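S.K.: Quick one: structure below, then a few questions.
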Amino acid sequence: MAKLIKMPEIAANATSAVIVQWSRKEGESIKAGECLAEIETDKAVIEYDADTSGVIGKILAPAGKDVEVGAPIAVLFEAGEKDVDITALLAGAGTATGAATAPMAAATSSGSAPVAKAGGNEPASGRIFASPLARRLAQERGLALEGLKGSGPHGRIVRRDVEAARQDVPATVSAAKPAAQSASPVGSAFTEIAHSGMRRTIARRLSESKANIPHFYLSADCRMDKLLSLRAEINAAATRKVSVNDFIVKAVAVALQAVPDMNVSWTENALRKYEVADISVAVSTDGGLITPVVRNAGAKTLSAISTEIADLAARARAGSLAPDEYQGGSFTVSNLGMFGVREFSAIINPPQAAILAVGATLQQAVVADGQLGVAQVMKVTLSVDHRAVDGALAALWLAAFQRCIENPLSALI
């Protein structure tokens, strides 16, 4: 008996998702457990596996369309099944067949979704692996993904591959209109670039955070001389180099263990207190900011944290993180020090109650024991949700963090 395949809730609380591409055409068979489609959430591209074997009878949502969670995206026939009344099937499932499904019907009236031809980046399954941003840029520039050589993980096509491609490559796959160039009333030219799903989610979540969470801010200067010296010793003997950010993540976790009342988040019914420190680390990607999570960072060694952050960051930029790898952290670290930013204030990543903004380590004049000297100093700014944490508690945590940074061995023992 034919069944409807509906858009799954790939990410928690997601209301919609985009089908990047289908792995099967109409009329092709699929087995349970095989990839049916690649679906783009607000943070990553996930392979969606079929849970039942059968034949793809009808594709209702073409690639590139944003589809609500729970909406039908395809019809799966049993082997040998024909002449299925899809309209009746949709009606029986309580799905409207009028205006609400008109875009899907129009998009599928000409047949199945296009499947790319074999190319240099394409595996035997017929799928082309590319990041969501690379796909969008290729569409905007009229470039075909077939034949492009990917330089990302496992040959995935990324932004730099599209930007390096010749502009005269004929387009064979183009589902989006090119960016429209217009003139403002005063004559200045501009280009409109459609928002990605990730950018829309970032805009929505951070707008809600700034509007609804009562932020307050605390800053501290951290002497970095001992930490930099210890890092140099570790890296001189280690096969894998550790970064200043690895130390910071470890120090944040140790400070949360020392001041556990800081490891909380606000809910309307209760204050949620976390048992371990799951540290979200802000990573900049082509599509926007994503925060993969280092689970139970306080219990991990510095080298383990370093290895995990490097792996998570690489897969975040490739768009291959699983939802549970970027959801559920209890505290966020946002580090712009590598860009030379002296200091900044970050917006809290809801539902968390705090985020630490880390600036660059710079030589500064300092006074110690009445003597003027020069030291390496890093400024950090803590943004706190005042509903969950009071000022004195936040100050206590910041002092604990500062002690860990200025005496780094204490955080590693």
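S.K.: Determine which member of the set P292, P214 is free of Cβ contacts under 8 Å to residues at least 60 places away in the same chain and within 21 Å of S345 (Cα to Cα).
M.R.: Numbers: P214 fails: free of Cβ contacts under 8 Å to residues at least 60 places away in the same chain.
Result of the check over P292, P214: P292.
S.K.: Now a separate question. Take residues that are within 10 Å of S330 (Cα to Cα) and tell me which of the strands (runs of 3 or more DSSP E) falling wholly in the range 251-309 contain 1 or more.
M.R.: Numbers: elements: 264-266, 271-273, 279-281, 283-285, 288-290.
Fully inside the range 251-309 and qualifying: 264-266, 271-273, 279-281.
S.K.: Then there is this: Restrict the check to the range 217-227 and report whether at least one residue is over 17 Å from I305 (Cβ atoms), under 26 Å from the mean Cα position of the chain (by Cα) and touching a residue at least 12 places away in the same chain (Cβ under 8 Å).
M.R.: yes
S.K.: Limited to the range 59-82, what total is found for residues that are open to solvent by 40 Å² or more (accessible area, probe 1.4 Å) and either farther than 22 Å from I10 by Cβ or at pLDDT below 80 (or both)? Before you say what the answer is, go through the steps one by one.
M.R.: Here is the first cut: in the range 59-82, the ones open to solvent by 40 Å² or more (accessible area, probe 1.4 Å) are 64-66, 68-69, 78-82.
Those left that are additionally either farther than 22 Å from I10 by Cβ or at pLDDT below 80 (or both): 64-66, 78-82.
Looking only at that region, the number is 8.
S.K.: Between a residue in the range 245-271 that is open to solvent by 10 Å² or more (accessible area, probe 1.4 Å) and any residue that is part of a strand (DSSP E or B), which pairs come within a Cβ distance under 6 Å, given they are 6 or more apart or on different chains?
M.R.: N245/N335; W266/D385; L271/V264
S.K.: From the set of residues in the range 231-244 that are in a loop (DSSP other than H, G, I, E, B) and among the aliphatic types (A, V, I, L, M), which is least open to solvent (accessible area, probe 1.4 Å)?
M.R.: Of all residues in the range 231-244, those in a loop (DSSP other than H, G, I, E, B) come to 238-243.
Subset that is among the aliphatic types (A, V, I, L, M): 238, 242.
Values: A238: 36, V242: 8 Å².
It comes out as V242.
S.K.: Of the residues that make up the range 150-171, is at least one open to solvent by 90 Å² or more (accessible area, probe 1.4 Å), outside any helix (DSSP H, G or I), modelled with pLDDT of 65 or more and not hydrophobic (A, V, I, L, M, F, W, C)?
M.R.: no
S.K.: Still on this model: Taking K31 as meeting all but one of (1) crowded, with 17+ Cβ neighbours inside 10 Å; (2) at pLDDT 85 or above, write down the number of the exception.
M.R.: The failed condition is (1).
S.K.: For the range 206-230, what are the residues that are in a helix (DSSP H, G or I) and touching a helix residue (DSSP H, G or I) at 6+ places or on another chain (Cβ under 7 Å)? Even if it seems obvious, please write down each step before you answer.
M.R.: Narrowing the range 206-230 to residues in a helix (DSSP H, G or I): 206-212, 225-230.
Passing the criteria: K226, L227, L230.
The values are calculated or read from the model by the stated rules, or taken from the named source; none is laboratory data. Quick caveat, the model's predicted, so the values are computed rather than measured. Please note: Cβ atoms are built from the backbone with ideal geometry, for glycine as well, and neighbour counts cover all protein chains shown. Note: areas computed on protein heavy atoms with side chains; ligands, DNA, RNA excluded. Shrake-Rupley method; radii C 1.70, N 1.55, O 1.52, S 1.80 Å.
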